[in-house]
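Trainee: Pasting in a structure now, in structure tokens, and then I'll have a few things to ask.
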Amino acid sequence: MLDLTFEPPKPKVIAGAKHDWELVIGMEVHAQVSSRAKLFSGASTTFGAEPNSNVSFVDAAMPGMLPVINEFCVEQAVRTGLGLKAAINLVSAFDRKNYFYPDLPQGYQISQLYHPIVGEGEVLVELGEGIARMVRIERIHLEQDAGKSIHDMDPNMSFVDLNRTGVALMEIVSRPDIRGPEEAAAYIAKLRQILRYLGTCDGNMQNGNLRADVNVSVCRPGEYEKYWETQDFSHLGTRCEIKNMNSMRFIQQAIEVEARRQIALLEAGGEVVQETRLYDPDKGETRSMRSKEEAHDYRYFPDPDLLPLEIEQTWVDEIAAALPELPDARKARYMSDFGLTDYDASVLTAEVETAAYFEAVAQGRDGKLAANWVINELFGRLKKEDHDITSSPVDPAQLGGIIDLISRGDISGKIAKDLFEIVYTEGGDPAEIVEARGMKQVTDTGAIEAAVDQVIADNPAQVEKAKANPKLAGWFVGQVMKATGGKANPKAVNDIVQAKLGL
Amino acid sequence: MSDLNKLGLAEARDALRKGDVTSVELTEACLSEIEAADALNAFVHKTPEIALERARAADARIGAGDAPAMCGLPIGIKDLFCTKGVPSQAGSRILEGFLPEYESTVSQQLADAGAVMLGKLNMDEFAMGSSNETSVYGNAVSPWRRGNDDTQLTPGGSSGGSAAAVAADLCLAATGTDTGGSIRQPAAFTGTVGLKPTYGRCSRWGIVAFASSLDQAGPMTKSVRDAAIMLGAMAGHDPRDSTSVDLAVPDFEALLTGDIRGKRIGIPKEYRMDGMPEEIEALWHEGAEMLKSAGAEIVDISLPHTRYALPAYYVIAPAEASSNLARYDGVRYGHRATLAHGDGITEMYEKTRAEGFGAEVQRRVMVGTYVLSAGFYDAYYNRARKVRTLIKKDFEDAFAQGVDAILTPATPSAAFGLGEMGQADPVQMYLNDVFTVTVNLAGLPGIAVPTGIDHQGLPLGLQLIGRPWEEGDLLNTAYALEQAAGFVAKPGKWW
């Protein structure tokens, strides 16, 4: 893999009324584990099922029901940890986080406070060519999701849907290494990309399968560097946690709005109170959800229904050995093996499906040409119709076929675009289409010569002009191309025109 | 045969297999005794139809030559076990109207082994109590009396209904559960045998949880042999309970040789409590002598952290209970309080739980919530866990020195009168568990064996504590003690 050298980006600076401020951001990302069954029960995790249809006796917390760990979810957490270059804890344990809410049937969430399954790791967040932030991961733990309370269906009653209750989540906790709203969005995007490459979370933010709690504080320039040297949080400002964000746009807005609120407060001589806040995108403001005084006392304690989770190093090694190539490595390979630009390699590796598509096209072909066709022709066309790569009407074999025809000189670039449009809208094998519709480029010099001779014979005046001004040879080439319906090989035409005109 | 209900499991099994009696006859005998024993308030929910149906099925199996261990034997099930389609309320109002759609692993295994369920047995609410007085059904009454004194006595708790039913021959045996002594103390109070297996030996799946790290189901029977038979049917690995252990279940009955020659029996000096009645002290001494006469070696041992066990237990058990009982919130099943106009979710929780839980359960939920709360967690819960580790180590050290079993009193007194502890400080009631909680904290098997009668004519029991997973060996030592003690007293029938 290429060693990517990079420089860290500049932190976002907000000018207050009195002086400048910098932002410090840490994130807790809740990623739903891709698994068909829940974390501690066999119930299905299918999205969009009838309310309360994916609920086992365990999920509903019926008396005497007991949790049993889903080994696949553990494997997914380990895989995620390895993907984030994190330490895997061979012994971890589950704790109960106690609070009352109707969508939490047990009256506690099973989580991992004291001994998480994954320890420290890192994520490289690129913000431009040669600019990237290394965000440290503090820990990843497994925990149960809660159900859904619905308060707006009836004026007097609330409803509860337990389908989501007990679904496995990974909480990925970063250090306060993120320094601005754009970085925050880039961090989520990078995390999402890695999780999707790993297949451990589908990253669907709209369905809430990836959501974040964002911790925001502000400090004066220079203070963060002191924190960095000492890891002493007292150099940083008091943070507020903005809960449950599942849109990149709103995350950025909320950070900006919250930072400005804190700055205004501090500059007016006030103090930031550590609390949980909610972002209201309609009003463009954050609101206090509960203060520290009202904060729950979760009474965490080890869950006595579950033994400590012990895993074998050999098992971890097996998972590590089967780990797919991750975005950074894949991008570096595209740059070194295919000679792609940083930008093209980034575009092609952004989504795991796109990368897979590209590789299928590039296999045994010119990588740069393949990249051009995927990025310019295919993406452009897909975008026009709001398709994504997974619903592309042109499959990699078809696009590869088009490229092969170009490479063999069977068709010109211009014809190739027409061919692509036909394949896109009508389907079919490109080589057969070219054959059947007579789109093949004419490389038969005899035929081209005859066409050139004809044009020369028909235009004696132009011949004289061209002999005086060789630039006019292009006119003859154009005429020949027109006469052959664009199928003549332009280079061959050019060569013959030059020779016949004696240029 | 007459008085079929008075048979034990082994005798009844043998008679069934010989064809001397049918399961239907046994079951009908028990059902008619139960009908005439409402004064004991042992059965809180009778299931005669299920009983007779299972008895007929058992007779058919026996006739076909397929008679597993418990085939055709009528037993009672503690109300803490969820039984499919049959009320399972854990003695609490909060589970009013709750009909499980599932069967606990233990009661299912018993049913699979052919056992006949007669009904559900009274207990302290959520198994929290030592006298059966916290039950929403009102207390069960011991069939025993102090001579001609008609003061009603406690059958003990929390498995008081089970103990009363077995002692009064309303059933051949019963299931119990034991979190701090809830099988062994009632067994000792009623002259019956009560075994708490090693933690993890019996599945907890489908048993209403009190304190998950301590709860364990076990048999309550008329003899040690019966306990061996019944444990065999109750025990075994269950993948639905992560704390259940995947170990083969031996034929416990086959291990009952009565030969304990060369076994080392430890007598822990710390169990000699101040103010312990002389009769208990004497009984303990006699028990040791009996085992010695049977060829065992008696050795003095020390379990130095014993005195911290009760306080540690009364931190850990309520802590776990406060969390385990959070699910009883009125949202999905059981009792829900009628709400006033404008009441919200908080009022629903508060009113439901205030109405649904009795005073003792509320006390323990509050204690448990307190010891887990921020700022107190280390001082109480964490310290209690450390004590628990030390207590466990005490036992490990004793076993490492070659001790095979430990002999202690089962209870600090004989059964007391109902209501006698009513006015007392709750801690007085908790002291009933002083000899039994250490065993739960250490996860060990323990058995109460009736060994003597006190001056009032009430039964007294001794406790034997065994090595983990060595229930077979423990039962054999208990069997030798039972043989030597020759306890045959039965309560006079007054009900």
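Trainee: How much accessible area is lost when chains B and A come together, counting both sides, with a 1.4 Å probe, in Å² rounded to the nearest 100?
Mentor: Chains B and A together bury approximately 2800 Å².
Trainee: Residues of region B:205-231 losing 50 Å² or more of accessible area relative to the isolated chain, 1.4 Å probe, heavy atoms only?
Mentor: Hits at the 50 Å² cut-off: B:TRP205.
Trainee: Given 0.36 nm per residue, what is the gain on full extension from A:ASP495 to A:ARG290 after removing their alpha carbon distance, in nm?
Mentor: 65.9 nm
Trainee: Of A:LYS85/A:LYS368; A:LYS417/A:LYS482; A:LYS368/A:LYS482; B:LYS18/B:LYS84; B:LYS78/B:LYS493, which ones are farther than 21 Å apart at the Cα?
Mentor: A:LYS85/A:LYS368; A:LYS368/A:LYS482; B:LYS18/B:LYS84; B:LYS78/B:LYS493
Trainee: Once the dipole of the protein assembly as shown is set up with Lys and Arg at +1 and Asp and Glu at -1 on Cβ about the Cα centre, which of B:ALA167, A:GLN274, B:GLY446 lies farthest towards its positive end?
Mentor: Farthest towards the positive pole: A:GLN274.
Trainee: To continue, here is another question. Given a Förster distance of 41 Å, report the FRET efficiency between A:SER149 and A:GLU120 from their Cβ-Cβ distance, rounded to the nearest 0.05.
Mentor: In this case the efficiency is close to 0.70.
Trainee: Can you give the Rg to Rh ratio for chain A, taking only C-alpha atoms and Rh from Kirkwood?
Mentor: 1.12
Trainee: Looking at region A:185-280, which GluC sites (Glu not before Pro) are DSSP coil and have at most 10 other C-beta atoms within 10 Å of their C-beta?
Mentor: A:GLU271
Trainee: What size of dipole, in debye to the nearest 20, comes out for region A:268-383 about its Cα centre when the only charges are +1 on Lys and Arg C-beta atoms and -1 on Asp and Glu C-beta atoms?
Mentor: Dipole of region A:268-383, to the nearest 20 debye: 660 debye.
Trainee: May I have the pair-distance distribution P(r) for region A:1-57, computed from all Cα-Cα distances with 5 Å bins from 0 and rounded to whole percent?
Mentor: Answer for region A:1-57: a P(r) of 4, 11, 12, 10, 8, 8, 7, 8, 11, 12, 6, 1 percent.
Trainee: Could you give the spread of the C-alpha atoms of region B:4-262 along their three principal axes, from largest to smallest, in whole angstroms?
Mentor: 48, 45, 43
Trainee: Explain nothing, just the number: dipole magnitude of chain B about its Cα centre with +1 on each Lys and Arg Cβ and -1 on each Asp and Glu Cβ, in debye rounded to the nearest 20.
Mentor: 700
Trainee: Taking the simple approach of a point 7 Å from Cα along Cα-to-Cβ for both A:ARG136 and B:GLU281, what is their distance in nm?
Mentor: For the pair A:ARG136/B:GLU281, the computed spacing is 6.4 nm.
Trainee: Further question: Calculate, for A:GLU421 and A:VAL91, the FRET efficiency according to 1/(1 + (r/R0)^6) with r their C-beta to C-beta distance and R0 60 Å; round to the nearest 0.05.
Mentor: Between A:GLU421 and A:VAL91 the formula returns 0.50.
Trainee: For region A:429-474, which trypsin sites (Lys or Arg not before Pro) are both in a DSSP coil and crowded by at most 12 other Cβ atoms within 10 Å?
Mentor: Filter output for region A:429-474: A:ARG437.
Trainee: Continuing with the same structure: Return a whole-number percent for the relative contact order of chain B, with Cα pairs under 8 Å and 6 or more residues apart as the contact set.
Mentor: Value for chain B: 18 percent.
Trainee: Could you please state how large a percent of the accessible area of region B:4-262 is carbon and sulfur, counting protein chains only and using a 1.4 Å probe?
Mentor: Here it works out to 48 percent.
Trainee: Same structure again: Please get the size of the charge dipole for the protein assembly as shown, origin at its Cα centre, with Cβ charges of +1 on Lys and Arg and -1 on Asp and Glu, quoted in debye to the nearest 20.
Mentor: 1220
Trainee: Could you look at region B:340-412 and say what percent of its accessible area is carbon and sulfur, using a 1.4 Å probe and all protein chains?
Mentor: 56
Trainee: Mind listing which trypsin sites (Lys or Arg not before Pro) in region A:329-432 are in a DSSP loop and have 13 or fewer other Cβ atoms within 10 Å?
Mentor: A:ARG408
Trainee: Among B:GLY258, B:VAL488, B:GLY342, whose Cα lies farthest out toward the positive end of the dipole of the protein assembly as shown, if unit charges sit on the beta carbon of Lys, Arg (+1) and Asp, Glu (-1)?
Mentor: With unit charges placed on the Cβ atoms, the residue in question is B:GLY342.
Trainee: Next question, about the same structure. Exposed loop trypsin sites (Lys or Arg not before Pro) only (DSSP loop, at most 13 other Cβ atoms within 10 Å): please give the longest stretch of chain B free of them, not including the sites.
Mentor: Excluding the exposed sites themselves, the longest stretch runs over B:1-260.
Trainee: Just name one of A:ALA77, A:PRO116, A:VAL434: the one whose Cα is farthest towards the positive end of the charge dipole of the protein assembly as shown (beta-carbon charges, Lys/Arg +1, Asp/Glu -1).
Mentor: Sorting the options by dipole projection puts first A:VAL434.
Trainee: Rounded to the nearest 5, what % of DSSP beta bridges with both residues in region B:4-262 are antiparallel?
Mentor: Around 65 percent of the beta bridges assigned by DSSP in region B:4-262 are antiparallel ones.
Trainee: Given labels modelled 7 Å from the Cα in the Cβ direction, how far is it in nm from B:SER373 to B:SER302?
Mentor: Here the modelled spin labels are 3.9 nm apart.
Trainee: Shifting gears a bit: Given a Förster radius of 41 Å and the C-beta distance between B:GLU270 and B:ARG363 as r, what FRET efficiency does 1/(1 + (r/R0)^6) yield to the nearest 0.05?
Mentor: 0.90
Trainee: Further, regarding this structure: On the protein heavy atoms, probe 1.4 angstrom, tell me the percent of accessible surface of region A:325-436 carried by carbon and sulfur.
Mentor: 49
Trainee: Which percent, to the nearest 5, of DSSP beta bridges fully inside chain B are antiparallel?
Mentor: 70
Trainee: How are the Cα pair distances of region A:445-501 distributed, in percent, across 5 Å bins from 0?
Mentor: Spelled out bin by bin, region A:445-501 gives 4, 23, 38, 23, 11, 2 percent.
Trainee: Against the empirical 2.2 N^0.38 Å scaling, what ratio does the C-alpha Rg of region B:165-263 come to?
Mentor: Compactness ratio reported: 1.10.
Trainee: While we're looking at this one, here's another question. Hey, can you find the accessible area per residue of the protein assembly as shown for me, probe 1.4 Å, expressed in square angstrom?
Mentor: 40
Trainee: May I pose another question? Can you pull the mean other chain C-beta count within 10 Å for peptide B:311-324?
Mentor: The mean count of partner-chain Cβ atoms within 10 Å per residue comes to 2.
Trainee: Along the principal axes of its C-alpha atoms, what lengths does the protein assembly as shown span, in descending order and rounded to whole Å?
Mentor: Largest to smallest, the principal-axis extents are 143, 79, 62 Å.
The values are calculated or read from the model by the stated rules, or taken from the named source; none is laboratory data. Nothing here was measured: the structure is a model prediction, and the numbers come from that model. Neighbour counts are summed over all protein chains in view; Cβ atoms, including those assigned to glycine, are modelled from backbone coordinates with ideal geometry. Keep in mind that these areas ignore ligands, DNA and RNA; they rest on the heavy atoms of the full protein, side chains included. Shrake-Rupley method; radii C 1.70, N 1.55, O 1.52, S 1.80 Å.
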